[in-house]
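> So that we are looking at the same thing, I have put the structure below in structure tokens.
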Amino acid sequence: MAGKTGRKAASAAGKTLQSQAASKAAKRAAASDLAQVGNRKKTSSRAASVAGKTLASKTASEAAKRASASDLSQRAPKKKGG
């Protein structure tokens, strides 16, 4: 169920983008999250992959992980093959 990016997630994404310590992957996931504020856009498969890497990272900040989790919660459903 995809929805809009919430205030907390948008705030976390902004903090991640401003952080000197945030990785390129974390910033990419945060930017994708901010692009979804105020609309019903879905996260692309590439952005979802980056968000997953950020969540798995031991060095990513809490803000980066919060933004990535929001991004993943808004990803488009996988197409069923067959």
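> Restricting to the range 22-33, name every residue that is buried (at least 18 other Cβ atoms within 10 Å of the Cβ) and either farther than 14 Å from R66 by Cβ or under 12 Å from the mean Cα position of the chain (by Cα) (or both). So that I can check it myself, show each step before the final result.
Within the range 22-33, the first condition is being buried (at least 18 other Cβ atoms within 10 Å of the Cβ), and the residues that meet it are 22-23, 25-30, 32-33.
Of everything in the range 22-33, those that are buried (at least 18 other Cβ atoms within 10 Å of the Cβ) and either farther than 14 Å from R66 by Cβ or under 12 Å from the mean Cα position of the chain (by Cα) (or both) turn out to be S23, A25, A26, K27, R28, A29, A30, S32, D33.
> Out of all the residues in the range 20-52, which are among the small types (G, A, S), within 19 Å of P77 (Cα to Cα) and in contact (Cβ under 8 Å) with a residue 40 or more places away in the chain?
Matches in the range 20-52: A29 only.
> Out of L34, L55, which single residue is of a type in the set (A, V, I, L, M, F, W, C), at pLDDT 85 or above, on the phi < 0 side of the Ramachandran plot and in contact with a helix residue (DSSP H, G or I) (Cβ under 8 Å, 6 or more places away or on another chain)?
The unique qualifying residue is L55.
> Of the residues L17, L55, L72, which single one is in contact with a Gly (Cβ under 8 Å, 6 or more places away or on another chain), in a helix (DSSP H, G or I) and either among the β-branched types (V, I, T) or touching a residue at least 12 places away in the same chain (Cβ under 8 Å) (or both)? Show your work before the answer.
On the way: L17 fails: in contact with a Gly (Cβ under 8 Å, 6 or more places away or on another chain); L55 fails: in contact with a Gly (Cβ under 8 Å, 6 or more places away or on another chain).
Every option except L72 fails the conditions.
> For the range 69-77, does any single residue satisfy the condition of being of a type in the set (K, R) and surrounded by fewer than 18 Cβ atoms within 10 Å (Cβ to Cβ)?
No: the range 69-77 contains no residue that is of a type in the set (K, R) and surrounded by fewer than 18 Cβ atoms within 10 Å (Cβ to Cβ).
> Right, here's the next one. Which condition does S19 not pass, out of (1) over 11 Å from S68 (Cβ atoms); (2) among the hydroxyl-bearing types (S, T, Y); (3) within 11 Å of the chain's Cα centre (by Cα), if it passes all the others?
With respect to (1) over 11 Å from S68 (Cβ atoms); (2) among the hydroxyl-bearing types (S, T, Y); (3) within 11 Å of the chain's Cα centre (by Cα), S19 is out only on (3).
> Of all residues in the range 34-50 being buried (at least 19 other Cβ atoms within 10 Å of the Cβ) and among the polar types (S, T, N, Q), which is farthest from A69 (Cα to Cα)?
Q36
The values are calculated or read from the model by the stated rules, or taken from the named source; none is laboratory data. Every value quoted in this text rests on a predicted model; they were computed, and no experiment measured them. Because the Cβ atoms are built from the backbone with ideal geometry, glycine has one as well, and the counts that use them run over all protein chains shown.
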